[in-house]
Amino acid sequence: MKTIEGWLEKGVNRVIIGTAAVRDPALVKEAAQKHPRRVAVGLDARDGRVAVEGWAEQSELTVLDIARRFEDAGVAAIIYTDVARDGMLQGINWDATIALAEAISIPVIASGGLASIDDIRRMTQPDAAKLEGAIAGRALYDGRLDPTQALTLLKSAKSA
């Protein structure tokens, strides 16, 4: 809790709790209650099972099992990463990400694999409307995704 509060006191808007969310769900619940809308849970998965400790260990728990633990805890978002796609520029695992967003009330942010403007365009489809957003990493660094073009596309889709 000291680490979480330390970062928030330094001005960080939102902290993301990963492995600790699997190992100590009470910590997440306490932090989310103390700091509403400022605590997110990062769930990294391989084949639908949560991976922890920098993806070195695979849990027997599914992403949905863990996410449901936090339904009424005040968690700001679940950041879902398909680790098989992260950094591979293969596109987001839309099926798993959308299924998670439809199964829980917590906002879901897609992560892992965003490759191009096509993934941004995919976010504008009706079945992806429930997603809170997506995280772009390597595609931005490599210049495969123009952030201005991406934001323009998202804004125009929102106003349509």
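The values are calculated or read from the model by the stated rules, or taken from the named source; none is laboratory data. These figures come from a predicted structure and were not determined experimentally. A quick note on method: Cβ atoms are made from the backbone with ideal geometry, for glycine too, and the neighbour counts reach across all protein chains shown. To get the accessible areas, we keep the full protein, side chains included, count just its heavy atoms, and leave off ligands, DNA and RNA. Shrake-Rupley method; radii C 1.70, N 1.55, O 1.52, S 1.80 Å.
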* Structure fact -> Sorted by chain and number, the residues with a modelled amide H under 5 Å from that of Asp44, at a separation of 5 or more or across chains, are Ala51, Thr81
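Any idea what % of Cα-Cα pairs in the chain are farther than 19 Å?
On the way: 7072 of 12720 pairs.
For the chain, the fraction of Cα-Cα distances above 19 Å is 56 percent.
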* Quantify, in whole percent, the carbon and sulfur part of the accessible surface of the chain (1.4 Å probe; protein heavy atoms only). => 49 percent
* To do: Could you work out which residue, out of Gly11, Gly133, Gly143, moves most in a Gaussian network model of the chain, that is, has the largest mean-square fluctuation with Cα springs under 10 Å?
  => Gly11
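Skip the ligands, DNA and RNA, and give the accessible area per residue of the chain with a 1.4 Å probe, whole Å².
Values: 8630 Å² over 160 residues.
In whole numbers, the chain has 54 Å² accessible per residue.
Could you rank Lys130, Lys155, Lys29, Lys2 by how accessible they are, 1.4 Å probe, largest area first?
Working: Lys130 105, Lys155 140, Lys29 80, Lys2 180 Å².
These residues rank, largest area first, as Lys2, Lys155, Lys130, Lys29.
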* Asked: Quick one: putting +1 on the C-beta of Lys and Arg, -1 on the C-beta of Asp and Glu, what dipole do you get for the chain around its Cα centre, in Debye to the nearest 20?
  -> 520 debye
* **At 0.692 mPa s and 37 °C, Stokes D of the stretch 78-152 from Kirkwood alpha-carbon radius, µm² per second** => 269 µm²/s
* To do: For Asn93, list long-range residues whose amide hydrogen, built 1.01 Å from N in the peptide plane, is under 5 Å from its own amide hydrogen.
  => Asp82
